[in-house]
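Engineer: Below is one structure. I have some questions about it.
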């Protein structure tokens, strides 16, 4: 008989807000069930209310780890991208969410961590240590990140330049990064709105890239962000 390898959960000593905000957070039965219900509901509501249309789904890697990057126009964006993925990825799926928006109160942090499985990115004080933790998790265990390299939602519908964070996470690794373009989310739920509108949403998924040939330094980071920005713009023209 094989001996069991009993390893304590990495977040065992954390509780409350510390656990919700931790990059070492692990899933439990309640969280898994909540995510199954959430993503099932999102897939149905997006199909019915926004007539969600997905092009290029075959470009998605068959298994984690990988990163989805896209233009950012709406709070619907992460939900739309998450809905393109198989439900079996629900515990490996981590939308990277603005900490000052999704984790600023205990109740919202609990929802974001338990149901959305989001990981916080503190836009005003994100540092190299936080990026390194995200990079390490992506490399060391099966993970799917949803990331918007613009750093915030557009206010006029136009795409802003990509920042270098995606390069810091993936330069010098063999983790696939999948460029996506979202059409219709700005019209469906722009930044100043409180209630989504009934508007068609289209997702275009491009060919994944890997960046193991690039050095994990500033020039490599900038090249990663530039290439992905070009990919997303090209998808918008299809």
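The values are calculated or read from the model by the stated rules, or taken from the named source; none is laboratory data. Predicted model only: the values in this text are computed from it and were never measured. Methodologically, a virtual Cβ is constructed for each residue, glycine included, from the backbone with ideal geometry; neighbour enumeration extends over all protein chains shown.
Engineer: Any residue in region 187-208 that is in a helix (DSSP H, G or I) and at negative phi?
Structural biologist: The answer is yes, given that some residue of region 187-208 is in a helix (DSSP H, G or I) and at negative phi.
Engineer: Here's a follow-up. Looking at region 219-232, can you tell me whether even one residue there is over 18 Å from residue 151 (Cα atoms) and either loosely packed, with under 13 Cβ neighbours inside 10 Å or touching a strand residue (DSSP E or B) at 6+ places or on another chain (Cβ under 8 Å) (or both)? Break it down stepwise before answering.
Structural biologist: Our first condition is that a residue be over 18 Å from residue 151 (Cα atoms); within region 219-232, this holds for 219-220.
Next cut, either loosely packed, with under 13 Cβ neighbours inside 10 Å or touching a strand residue (DSSP E or B) at 6+ places or on another chain (Cβ under 8 Å) (or both) only: 219.
Yes.
Engineer: At negative phi and assigned to a helix (DSSP H, G or I): is that true of residue 229 in this structure?
Structural biologist: yes
Engineer: Any idea which of (1) under 18 Å from the mean Cα position of the chain (by Cα); (2) modelled with pLDDT of 95 or more; (3) closer than 23 Å to residue 193 by Cβ is the one residue 96 doesn't satisfy?
Structural biologist: Going through the list (1) under 18 Å from the mean Cα position of the chain (by Cα); (2) modelled with pLDDT of 95 or more; (3) closer than 23 Å to residue 193 by Cβ, residue 96 breaks only (2).
Engineer: Right, another one. Could you tell me which numbered condition residue 163 fails, if it satisfies all but one of (1) part of a loop (DSSP other than H, G, I, E, B); (2) over 21 Å from residue 227 (Cβ atoms)?
Structural biologist: Among (1) part of a loop (DSSP other than H, G, I, E, B); (2) over 21 Å from residue 227 (Cβ atoms), residue 163 violates only (2).
Engineer: Can you tell me which residue among 67, 54 is surrounded by 15 or more Cβ atoms within 10 Å (Cβ to Cβ) and touching a helix residue (DSSP H, G or I) at 6+ places or on another chain (Cβ under 8 Å)?
Structural biologist: Details: 54 fails: touching a helix residue (DSSP H, G or I) at 6+ places or on another chain (Cβ under 8 Å).
So the residue among 67, 54 that is surrounded by 15 or more Cβ atoms within 10 Å (Cβ to Cβ) and touching a helix residue (DSSP H, G or I) at 6+ places or on another chain (Cβ under 8 Å) is 67.
Engineer: Moving on. Please verify whether residue 80 is under 16 Å from the mean Cα position of the chain (by Cα) and part of a helix (DSSP H, G or I), treating the condition exactly as stated.
Structural biologist: Values: under 16 Å from the mean Cα position of the chain (by Cα): yes; part of a helix (DSSP H, G or I): yes.
Spelling it out, residue 80 is indeed under 16 Å from the mean Cα position of the chain (by Cα) and part of a helix (DSSP H, G or I).
Engineer: Under 20 Å from residue 120 (Cα atoms), surrounded by 12 or more Cβ atoms within 10 Å (Cβ to Cβ) and at pLDDT 95 or above - does that describe any residue in region 38-48?
Structural biologist: Narrowing region 38-48 to residues under 20 Å from residue 120 (Cα atoms): 38-39.
From what is left, the residues that are surrounded by 12 or more Cβ atoms within 10 Å (Cβ to Cβ) are 38-39.
Now drop any that are not at pLDDT 95 or above, which leaves 38-39.
The answer is yes; a qualifying residue exists.
Engineer: Could you please find all residues in region 202-223 being farther than 18 Å from residue 59 by Cβ and touching a residue at least 24 places away in the same chain (Cβ under 8 Å)?
Structural biologist: Initially, region 202-223 is screened for residues farther than 18 Å from residue 59 by Cβ, giving 212-223.
Within region 202-223, 212, 214, 215, 216, 217, 218, 220, 221, 222, 223 qualify.
Engineer: Oh, and also: Give region 186-205 a look and list any residue that's buried (at least 19 other Cβ atoms within 10 Å of the Cβ) and either within 14 Å of the chain's Cα centre (by Cα) or closer than 17 Å to residue 238 by Cα (or both), or say none.
Structural biologist: Scanning region 186-205 gives 201, 203, 204, 205.
Engineer: Something else: Which of the numbered conditions does residue 211 fail, given that it passes all the others? Conditions: (1) outside any loop (DSSP other than H, G, I, E, B); (2) surrounded by 22 or more Cβ atoms within 10 Å (Cβ to Cβ).
Structural biologist: Answer for residue 211: the failing condition is (1).
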